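Here's the structure we're looking at; comments come further down.
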Amino acid sequence: GCYRDEVAAPAVEQMIGDIKSQGVNVFTINLGSFEKESVNTLISESMCLPPSLSQPLSAIIHSKTAGSPLFCVNFLNDGLIRFNLNTRRWEYHIRSILMKEIPLSVVQYMKSQLAKLPLSYRLVLKLASCLGDHFDYATFLKAKVRSDYDLDKVLPHVCQIGFLHELAPGKYMWAHDQVRQAAYELIPENMRESFHLLIGTRILMNTPENELDTAIFDVLGHMNKGIRLIQTHEQKYEVARLNLMAGESCIKTSSFHSAADYFTNGIKLLPGECWECEYNLTVKLHDAAQDAVFATGDFPTLGLLNSRVIANAKNFDDKLNSYNNIIRYLVSLGQLDQAISKCKSILKELGEGLPLLLPGILGVPVLLREFWTVKKMLGQYSGKDILGHKRMTDTRKLAEMEFLQSIISAGNNSADPRIVAILITRLVKLSLEFGLCDVSAFAFAAYGSMLVHGKIKDLEGGYFYGNLAIQVLNLLGANRFKARVFAIVYGFINIWRDPFQASLDNLLEGYNAGCVNGDMEYAYWNLQSYSGLALYTGQGLIMLQNNMRTYAKRAIQCKQMGAALGIVPFLSAVLELTGDARKEDIYKAFFNTTSDVLFQQLNSRNDHRTCMLILNNRKFTRIFTGDMDGAVEAYELSLSLTGGLMEYMRTMPYIMRVFADGLIALSCARKHGEDEQRWTTIGEGIIETMKKWTKISKWNFANKCYLLEAEYYFLKCNEMALEKYEASITAARSHRFIHEEGLAFSLCGQYHLSKGRKGDAQQNLTQAKRCYERWGARSLVDHMDTIISNIL
């Protein structure tokens, strides 16, 4: 019989003892591993190949099996080597065999051999284990601690034994992660920190200054593991600077978690007197760390870093970044009034106080004065003049710009969003007086949005300044504001002129830009706009369901709760339309509450924007399912919501709200109840509004206008209704609004049904069903089937 030493069980020893006790002579033969040449002979004879041709394969098998005869045979039978009946030759892919993970039993064998190696071999393997799963010869030379061994001799030998593989000249990898771990465990545990610190120091000393940018991560990968052992203040400051350098490199590649780790490691190294002895380094590390942890959503750490700077900074200017992060933090938590109050006090200290806005109509003169002052200034510049304007260099003014822009999103959702108009005009004014900066791109975009959505409805002016904002963004390379500019231009401005669908890809680009640059707030503003626009333009619901679920999860992970609250109502509508709402309460899944309770909570803290989103999507889904009573209930509830963003920003949800309200009003008027005139008046007003919008963008609004007119003629018993239904269907199909094409077919079918034309009704409802099938609205397909079966 035969057995392996490392798996010998007491039962085997007992059996051998029993045999010997019966007088049987037992001879123990210790079989060692095959030499490399023996393995090559085995492979050569097994595959009928000349030894020179089998040598590359046998070398790999020897390293993978440690020369064990049993392992060699098993490896040959593992499916990596096949006999081709056509060519009558053995075939194999040398790269696949090289990358194959060695069996665990071989790992155990190799680990047992490590301790038997000469000291120089063990030292090489210990050092290699610290360099990672893969390493190169050049890095090993830099990290080499002792010079009493010939590396060019030892490395090939350990590869030959099978501990390492040479992937390419000078490129190595471990045979198995457990082999590497075994080599690492050769280093006494109490010496590992010092060993890493020594390796990091050696790599740093042996790296030319012009190569440090790329080697910095190797250096700190070791030094930071021995950070506890760094004693002198001089050394601590030096390694802190290296961590600052590495963190800044990570920021450039949007690796915010890694950057935060490097910055916080640098801060840990700073001695107690750092604010006196290395003030600039200390402020830089704390500012950079705040920006990084804000991007990762680590708000407790942000608060700790923030408080340190405010308590120790020597002047107001050095506190500005911390104050800016406080405001961003408050906005992310939805504490908008606190954010505005804090921003006002900081701006006052910067010399840019905001005027007192009296309530209601009493505040109008202040708003008009601010607006017309800036409008007059802009009248003196063409677009070309602005693009050629000087650059802003005054550090105080640059700080003012940062604070003004940071509070705009808070002002949008505050109890008094009129403050936003003041903030925007101040941004534009500062850009014209002191020169362009990164924030200027955002300023012109916001000003364009104000022209489009304000009382004067200057659409052409809005488009002009929106386009100018994009040009300024590109001119200055202001990528950190790309998410903000795209969110405004493509979410608030261009939807009034360009096809709705044209903004979808740009909003996703804005989201990606925000993630890359750490502007999570506006990254998720882009996703909110995208989610609504995708739903309301009839994009595939199955894909939207998966995407929106991911978007909401990411928003919560990034502590962007306002964004999550904005996305989930759209997701809820999608689930209702696909029929999946019965399987899952999405509000319960994300917020551990129901939509009704959440609505009450949001309403109590004046978050009317999110409340309106919830009600809008209820109306939207109820109209498609024919539940007009539910739609009317949502409509009546929405009348109690006033103030906030919704009164000033005519975005996509607002557009769909108007359209839905028109359909609800005309449907209710057809009941000919006591309130018929009220509903008719509402419907007529909305039709006039939709006609004006159609003149602005026929693509976006024509089919909606025709459908409202069809419903109005239906109310008035006018045969023109059929012509308008057909016009709406044609326009919706031409402009790629598949869902509204289905809605028009459905309502046209109801019209025919009311006239007793069952055949025409069935034909239109069948067409509606086909549209809903293409949309992915399974619940609407079932609803159409029910109506059609009732007709039949």
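The values are calculated or read from the model by the stated rules, or taken from the named source; none is laboratory data. Note that the structure is predicted; figures quoted are calculated from it, not measured. Note: ideal-geometry Cβ built from the backbone for every residue, glycine included; neighbour counts use all protein chains shown. Note: areas computed on protein heavy atoms with side chains; ligands, DNA, RNA excluded. Shrake-Rupley method; radii C 1.70, N 1.55, O 1.52, S 1.80 Å.
Key figures for this structure:
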{"read-out": "Selection from region 698-712 of residues that are open to solvent by less than 60 Å² (accessible area, probe 1.4 Å) and not hydrophobic (A, V, I, L, M, F, W, C)", "value": "700, 703, 704, 709, 711, 712"}
{"read-out": "Criterion violated by residue 501 - all others in (1) within 30 Å of residue 781 (Cβ to Cβ); (2) of a type outside the set (A, V, I, L, M); (3) modelled with pLDDT of 95 or more; (4) out of contact with any Ser or Thr (no Cβ under 6 Å at 6 or more places or on another chain) satisfied", "value": "(4)"}
{"read-out": "Every pair of residues 6+ apart whose Cβ atoms lie under 6 Å, when the first sits in region 157-179 and is surrounded by 16 or more Cβ atoms within 10 Å (Cβ to Cβ) while the second is among the basic types (Lys, Arg)", "value": "174/180"}
{"read-out": "Any chance residue 736 is open to solvent by 50 Å² or more (accessible area, probe 1.4 Å) and part of a helix (DSSP H, G or I)", "value": "no"}
{"read-out": "Contacts under 9 angstrom Cβ, first residue in region 81-95 being among the aliphatic types (A, V, I, L, M), partner assigned to a strand (DSSP E or B), 6 or more apart", "value": "81/90; 81/91; 81/92"}
{"read-out": "Subset of region 118-147 (residues that are among the polar types (S, T, N, Q) and open to solvent by less than 60 Å² (accessible area, probe 1.4 Å))", "value": "120, 129, 139"}
{"read-out": "Lone qualifier among 481, 464 - being open to solvent by 40 Å² or more (accessible area, probe 1.4 Å), in a helix (DSSP H, G or I) and touching a residue at least 40 places away in the same chain (Cβ under 8 Å)", "value": "464"}
{"read-out": "Residue list for region 237-278, restricted to those being among the polar types (S, T, N, Q) and open to solvent by 20 Å² or more (accessible area, probe 1.4 Å)", "value": "249, 253, 254, 255, 258, 264, 265"}
{"read-out": "Single match in 514, 491 (criterion: touching a residue at least 60 places away in the same chain (Cβ under 8 Å) and open to solvent by less than 10 Å² (accessible area, probe 1.4 Å))", "value": "491"}
{"read-out": "Search result, residues across region 458-491 that are farther than 20 Å from residue 511 by Cβ and among the β-branched types (Val, Ile, Thr)", "value": "472"}
{"read-out": "Condition check for residue 182: farther than 26 Å from residue 278 by Cβ, surrounded by 15 or more Cβ atoms within 10 Å (Cβ to Cβ) and touching a residue at least 24 places away in the same chain (Cβ under 8 Å)", "value": "yes"}
{"read-out": "Which numbered condition residue 498 fails, given (1) part of a loop (DSSP other than H, G, I, E, B); (2) under 24 Å from the mean Cα position of the chain (by Cα)", "value": "(2)"}
{"read-out": "Identity of the residue in region 412-459, at pLDDT 90 or above and acidic (Asp, Glu), that ends up nearest to residue 377 (Cα to Cα)", "value": "433"}
{"read-out": "Residue in region 529-542 that is surrounded by the most Cβ atoms within 10 Å (Cβ to Cβ), counting only those that are closer than 16 Å to residue 501 by Cβ and hydrophobic (A, V, I, L, M, F, W, C)", "value": "541"}
{"read-out": "Residues that are modelled with pLDDT of 95 or more and among the basic types (Lys, Arg), drawn from region 722-757", "value": "724, 733, 736"}
{"read-out": "Per-region count, region 213-240, residues in contact (Cβ under 8 Å) with a residue 12 or more places away in the chain, farther than 16 Å from residue 273 by Cα and part of a helix (DSSP H, G or I)", "value": "17"}
{"read-out": "Every residue from region 543-559 that is in contact with a helix residue (DSSP H, G or I) (Cβ under 7 Å, 6 or more places away or on another chain), touching a residue at least 60 places away in the same chain (Cβ under 8 Å) and open to solvent by 30 Å² or more (accessible area, probe 1.4 Å)", "value": "559"}
{"read-out": "One residue from 688, 676 being within 15 Å of residue 658 (Cβ to Cβ) and surrounded by fewer than 24 Cβ atoms within 10 Å (Cβ to Cβ)", "value": "688"}
{"read-out": "Every residue from region 560-613 that is of a type in the set (A, V, I, L, M, F, W, C) and open to solvent by 50 Å² or more (accessible area, probe 1.4 Å)", "value": "561, 589, 597"}
{"read-out": "Tally of residues being open to solvent by less than 10 Å² (accessible area, probe 1.4 Å) and assigned to a helix (DSSP H, G or I) across region 433-453", "value": "14"}
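The rows are residues; the columns are (1) outside any loop (DSSP other than H, G, I, E, B); (2) modelled with pLDDT of 70 or more; (3) open to solvent by less than 80 Å² (accessible area, probe 1.4 Å).
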position: 11; (1), (2), (3): yes, no, yes
position: 16; (1), (2), (3): yes, yes, yes
position: 20; (1), (2), (3): yes, yes, no
position: 23; (1), (2), (3): no, no, yes
position: 28; (1), (2), (3): no, yes, no
position: 38; (1), (2), (3): yes, yes, yes
position: 43; (1), (2), (3): yes, yes, yes
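Per-residue answers, yes or no, for (1) aliphatic (A, V, I, L, M); (2) within 23 Å of the chain's Cα centre (by Cα); (3) over 30 Å from residue 512 (Cβ atoms):
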residue: 233; (1), (2), (3): no, no, yes
residue: 240; (1), (2), (3): yes, no, yes
residue: 245; (1), (2), (3): yes, no, no
residue: 250; (1), (2), (3): no, yes, no
residue: 256; (1), (2), (3): no, yes, no
residue: 261; (1), (2), (3): no, yes, no
residue: 271; (1), (2), (3): no, no, yes
residue: 278; (1), (2), (3): no, no, yes
residue: 283; (1), (2), (3): yes, no, yes
